[in-house]
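Derivation of every value follows stated rules applied to the coordinates shown; laboratory data play no part. None of these values were measured; they are calculated from a predicted model. Cβ sites come from the backbone with ideal geometry, for glycine too, and all protein chains shown count toward neighbours.
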Amino acid sequence: MATLHWQDSDVEVHKVVVGPVDNNVFVVRCRATGDAVLIDAANEHEQLLELCAALGVRRVLETHGHWDHIQAVPALREAGYEVAVTALDAPRLKDVGYDVFLDDKEVIEVGRLRLHALHTPGHTEGSICFHVADTPLLFTGDTLFPGGPGNTSFEGGDFPTIIRSIDAALFTFPDETLVLPGHGNDTTIGAERPHLDAWVARGW
């Protein structure tokens, strides 16, 4: 498929870019079973519903509750897909709905794959990232981008908190870990780690 972004013998990652602020939407698919999960039902629900049907998506995981990441949630829930978000960010979905909570260190089964949830507050209080076990894949939402942390000027954001999240939760991964953010291009932990002190010094 044209949406295929990364693969190995066990995993496929599909990516589409949607909405007015170019949100990345990812599908993580187990190649052995065909089961899949969608990360961030951001916008353009018709396209996402087609993607879900084609790739065997079973549920939706939200990295956080900002408006640009949840516009397609109502349509996906109406189509029968369960939507999961952290309890701390659930209030941001009060108008679109959600179904279950995601917890820090939760292990999410997708066929034979295991996604490990990591609570990484700072962009929002309940921001969460996902690492696919036994792969280099790390989905960081709006916590870490090429060139630094996500914006902390919105309600619920806090710069010292996001720096702690990046340093303590994300920079523990190996250099070759592939960072797949909520907007923009991929990067790696190794490319970003050396710049932490510079981000702290500039304050954003």
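A few remarks follow.
- If only the Cβ of Lys and Arg carry +1 and only the Cβ of Asp and Glu carry -1, the dipole of the range 4-202 around its Cα centre is close to 160 debye.
- The range 4-202 - share of DSSP beta bridges that are antiparallel (%, nearest 5): 70
- Ellipticity estimate at 222 nm from DSSP helix runs (n ≥ 4, -39,500 (n - 2.57)) divided over the chain, nearest 500: -4500 deg cm²/dmol
- Between T86 and L102, the built amide H atoms are under 5 Å apart, and every one of these is 5 or more places off in sequence or on another chain.
- Within-9-Å neighbourhood charge of A41 [Cβ basis; K, R +1; D, E -1]: -1
- Of interest is the spacing of the C-alpha centroids, which for the range 138-204 and the range 71-94 amounts to 25 Å.
- Principal-axis analysis of the Cα atoms of the chain puts helix 45-55 at an angle of about 70° to the longest axis.
- Less than 5 angstrom separates the built amide H of D35 from those of C30, all sequence-distant by 5 or more or on a different chain.
- Highest average packing first - 38-50, 70-82, 145-157, Cβ atoms within 10 Å: 38-50, 70-82, 145-157
- Put a dot 7 Å past the Cα of W67, heading toward its Cβ, do the same for T172, and the two dots end up 3.6 nm apart.
- Derived scalar couplings ³J(HN,Hα) [the range 7-19; Karplus, 6.51 cos²θ - 1.76 cosθ + 1.60; whole Hz; x for Gly, Pro]: 7, 9, 5, 10, 10, 10, 10, 10, 9, 10, 10, 9, x
- Projecting the Cα atoms of C129, W199, L93 onto the charge dipole of the chain (Cβ charges, centred on the Cα centre) puts C129 farthest toward the positive pole.
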